[in-house]
1. Taking the condition within 28 Å of B:V70 (Cβ to Cβ) and either within 12 Å of chain B (Cβ to nearest Cβ) or open to solvent by less than 80 Å² (accessible area, probe 1.4 Å) (or both), does A:L17 pass?
2. Name the pairs whose Cβ atoms lie under 6 Å apart, with the first residue in the range A:47-64 and of a type in the set (A, V, I, L, M, F, W, C), the second not in a strand (DSSP E or B), and 6 or more positions between them or separate chains?
3. Of all residues being at the interface with another protein chain (Cβ under 7 Å from one of its Cβ atoms) and open to solvent by 80 Å² or more (accessible area, probe 1.4 Å) in the range B:34-89, which is farthest from A:G37 (Cα to Cα)? Just the residue, please.
4. Would you please name the residue that is farthest from the other protein chains (Cβ to nearest Cβ), looking only at residues in the range B:20-30 that are open to solvent by 40 Å² or more (accessible area, probe 1.4 Å) and under 21 Å from A:V9 (Cβ atoms)?
5. With of a type in the set (V, I, T) and either part of a strand (DSSP E or B) or modelled with pLDDT under 95 (or both) as the only criterion, which of A:V22, A:V13, A:V78 stands out?
6. Quick one: is B:M11 aliphatic (A, V, I, L, M), out of contact with any Cys (no Cβ under 6 Å at 6 or more places or on another chain) and closer than 26 Å to A:A26 by Cβ?
Protein chains: 2
Amino acid sequence: MGPPPKNSVRMEVRIELKPGVVDAEAMSVEKSLALLGLAAVPRVSTARVYDLVFDDVSAVEAQRLSEEAVDRLLANPVIHRVSVRPVPA
Amino acid sequence: MGPPPKNSVRMEVRIELKPGVVDAEAMSVEKSLALLGLAAVPRVSTARVYDLVFDDVSAVEAQRLSEEAVDRLLANPVIHRVSVRPVPA
């Protein structure tokens, strides 16, 4: 067996609120944009993104480790909807 | 002149910290993942994403309004790096 691959693998973890969970920051942004007089006020939603860069692991392992990080630390399954995807490093 | 286009235009505003600005949440996540015993601890960076959905405006106008929202409300040019791009609605 050779050494593990030396490349970096970059994963993007995107955490949003589930439909029905109040997005207070988004509501505040909508209100503020209206108060500022923006010519057209958009509907707003927010997301938190974590970029995870792994060294010396395979793409499959990076996906698995990212999902473990989500499950054990980053997201709350009661209120959060999560996507995990590889992005160019 | 006809009516303005009726389609929704969805813009993604992604706000990151500039290089050199301490990303305290990212540091905390790295430390926590190490303490949890994750098999490989990634380098972490964070970003805030605002999804803005405009009705009845052109793609060009949605881009302009999003940049106005960034400049007047969402980002601090001293510490933030911002990208604004259209995404499928």
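1. Yes, satisfied.
2. What qualifies is A:L52/A:S66; A:L52/B:P42; A:V53/B:P42; A:F54/A:A62; A:F54/B:A40; A:F54/B:P42; A:V57/B:A40.
3. Filtering first and then ranking leaves B:A39.
4. Filtering the range B:20-30 for residues that are open to solvent by 40 Å² or more (accessible area, probe 1.4 Å) and under 21 Å from A:V9 (Cβ atoms), the one farthest from the other protein chains (Cβ to nearest Cβ) comes out as B:M27.
5. Just a single option satisfies the conditions, and that option is A:V13.
6. On the way: aliphatic (A, V, I, L, M): yes; out of contact with any Cys (no Cβ under 6 Å at 6 or more places or on another chain): yes; closer than 26 Å to A:A26 by Cβ: yes.
Considered against the rule, which asks whether it is aliphatic (A, V, I, L, M), out of contact with any Cys (no Cβ under 6 Å at 6 or more places or on another chain) and closer than 26 Å to A:A26 by Cβ, B:M11 comes out as yes.
Every residue, every condition in (1) at positive phi; (2) of a type in the set (D, E), yes or no:
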residue: A:V13; (1), (2): no, no
residue: A:G20; (1), (2): yes, no
residue: A:E25; (1), (2): no, yes
residue: A:L38; (1), (2): no, no
residue: A:L52; (1), (2): no, no
residue: A:S58; (1), (2): no, no
residue: A:Q63; (1), (2): no, no
residue: A:D71; (1), (2): no, yes
residue: A:L74; (1), (2): no, no
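The values are calculated or read from the model by the stated rules, or taken from the named source; none is laboratory data. What you are looking at is a predicted structure, and each value in this text was computed from that prediction instead of being measured. Neighbour counts run over all protein chains shown; Cβ positions are idealised from the backbone, glycine included. Just the protein is used for accessible areas: all its heavy atoms, side chains included, with ligands, DNA and RNA removed. Shrake-Rupley method; radii C 1.70, N 1.55, O 1.52, S 1.80 Å.
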